[in-house]
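Readers should treat all values here as calculations from the given coordinates under stated rules, not as data from a laboratory. Because the structure is predicted, anything quoted here is derived from the model rather than measured. We place every Cβ from the backbone using ideal geometry, glycine too, and count neighbours over all the protein chains shown.
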Amino acid sequence: MGVSDDQQRTGPDPAEDPDVIELATRVFNFARTGDSGALCAYLDAGVPVDLTNDKGDTLVMLAAYHGHPEAVQALCERGADPDSLNDRGQSPLAGAVFKGEDQVVRILVRHGADPAAGTPSAVEAARMFDKQEFLDLFGKGAQD
């Protein structure tokens, strides 16, 4: 009936399904706006914790950059990769440093985020913006 072997094995591409796109958009908005309750409900129902958008931003990247510590905590507790870089090579930790989101920075570090990951890294961003408290937290104080 005109269906290729690949289509029979894998089915239609979910990235082209309008319902999937609408659902993903909704979940990204929950991360961006810090709606932890709704975000957790979708994650607990099976939405991948490391879902990425068309720019490579993960849910934790969006929550971190927009300063939502509860959402970042919930994502990390569910196994989100705190070091996942977006398409521009940026890490959630560097984004949080750039935005001055102290609570988010501390949560990401507690969950193992690498301050040297990405370009610029969180360490480089902290130096650029003279955020000594972050450098101390990263173990990259004045002695380095």
For Lys55, give me every one of the lysines with a C-alpha distance below 28 angstrom, ignoring sequence neighbours fewer than eight places off in its own chain.
Lys99, Lys131
Over the chain, the sum of -39500 (n - 2.57) across DSSP H runs of at least four, divided by residue number and rounded to 500 deg cm²/dmol, gives at 222 nm -15000 deg cm²/dmol
Shape of the stretch 12-95 from its Cα gyration tensor (a ≥ b ≥ c, root eigenvalues): rounded if a/c is under 1.5, otherwise prolate when a/b > b/c, or oblate?
oblate
So what's the angle, to the nearest 10 degrees on a 0 to 90 scale, between helix 18-33 and the longest Cα principal axis of the chain?
20 degrees
If packing is taken as the mean number of other Cβ atoms within 10 Å per residue, what is the order of 27-35, 44-52, highest first?
27-35, 44-52
Which whole-Hz ³J(HN,Hα) couplings does the stretch 115-132 yield from phi under the Karplus relation 6.51 cos²θ - 1.76 cosθ + 1.60, θ = phi - 60°, glycine and proline marked x?
x, 8, 6, x, 9, x, 6, 4, 5, 4, 5, 5, 5, 4, 9, 6, 9, 4
Computed from the coordinates I sent, Rg/Rh (Cα atoms, Kirkwood Rh) equals one of [x] 1.05; [y] 0.92; [z] 1.09. Tell me the label.
[z]
